[in-house]
Amino acid sequence: MLAFFKQFSEKRSSWLLLVLSSLALELTALYFQYGMGLQPCVLCVYERLAMSGLFLAGIIGLLAPRSLILRLIALALGLFSAVKGLMISIRHLDLQMNPAPWKQCEFIPNFPETLPFHHWLPSIFNPSGSCDNSQWSLFGVTMVQWLVFIFAVYVLVLVVILIAQVKKSRKQRRLFC
């Protein structure tokens, strides 16, 4: 089974799938903001940045999927982004499900001074909404709940693919024994 995931990660189509899925989710977020008039909060902005990290990881993997070094760099960036996105969306969900006056998110993004994304791309990374406000749902599932699920799937798939990179197959073990 792991051999399948290793072979899958060596194909451009797998990295293209990551690029297209993360791009589709970013475009969906922009549609929610500009098409439907929903206001993103700070945590929404952080979740967008995590999704952008997944997009960038897909681009890196797409460059040379057969190169183990580039695959590992892409996997590391993708896994970091997916885990961060999952952690942020879980925090966001907690703020929505268990609102309290002492549990608030900031109004201005806390990006490093060297990477002020909210100044560079304010149309994407400048928040204007509240974190505890759930503005949209599909099938009774809120946007943040969907994000928890989506980031969890990314984490699971990327972990399995990473394990497949380092675990030796049965054929490789027989050669070395």
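Would you give the gap between the C-alpha center of the range 80-145 and the C-alpha center of the range 8-65, rounded to a whole Å?
Each part reduced to its Cα centre gives a spacing of 16 Å.
Between Ala100, Ala50, Ala29, which gets the highest mean-square fluctuation from a Gaussian network model of the chain, Cα cutoff 10 Å?
Ala100
With the contact rule set at Cα under 8 Å and sequence spacing of 6 or more, what percent relative contact order holds for the chain? List each step's numbers first, then the result.
Numbers: 210 pairs, mean separation 52.6, N = 177.
Once normalised by length, the contact order is 30 percent.
In Å², what does the accessible area per residue of the chain work out to with a 1.4 Å probe?
Accessible area per residue, the chain: 59 Å².
For the chain, which whole percent of the accessible surface, found with a 1.4 angstrom probe, sits on carbon and sulfur atoms?
Numbers: 7380 of 10530 Å².
C and S fraction of accessible area: 70 percent.
Using the charge dipole of the chain (Lys, Arg: +1 at Cβ; Asp, Glu: -1 at Cβ; taken about the Cα centre), state which of Leu72, Val153, Asn98 has its Cα farthest towards the positive end.
The residue sitting most towards the positive pole is Leu72.
Please build a GNM for the chain, connecting alpha carbons under 10 Å apart, and tell me which residue among Leu63, Leu158, Leu49 fluctuates the most.
Evaluated over the chain, the most mobile residue of the options is Leu63.
Give me the extension gain from His119 to Thr28: residue separation times 0.36 nm, minus the current Cα-Cα distance, reported in nm with one decimal. Before the final figure, lay out the partial values.
On the way: separation 91, 0.36 × 91 = 32.76 nm, distance 2.16 nm.
So the extension gain works out to 30.6 nm.
Where in the chain are the DSSP H helices whose C-alpha atoms run 18 Å or more along the long axis and whose mean Kyte hydropathy is at least 0.0?
On the way: long enough: 12-30 (27 Å, 1.34); 42-63 (32 Å, 1.80); 68-97 (42 Å, 1.43); 143-166 (35 Å, 2.67).
In the chain, the long hydrophobic H runs are 12-30, 42-63, 68-97, 143-166.
Taking springs between alpha-carbon atoms closer than 10 angstrom, which of Tyr154, Tyr34, Tyr46 fluctuates most in the Gaussian network model of the chain?
Tyr34
The values are calculated or read from the model by the stated rules, or taken from the named source; none is laboratory data. Just so it is clear, the model here is predicted, and its values are computed rather than measured. In this analysis, Cβ positions are derived from the backbone assuming ideal geometry, glycine residues included, and neighbour counts consider all displayed protein chains. The accessibility values were calculated without ligands, DNA or RNA, using every heavy atom of the protein model including side chains. Shrake-Rupley method; radii C 1.70, N 1.55, O 1.52, S 1.80 Å.
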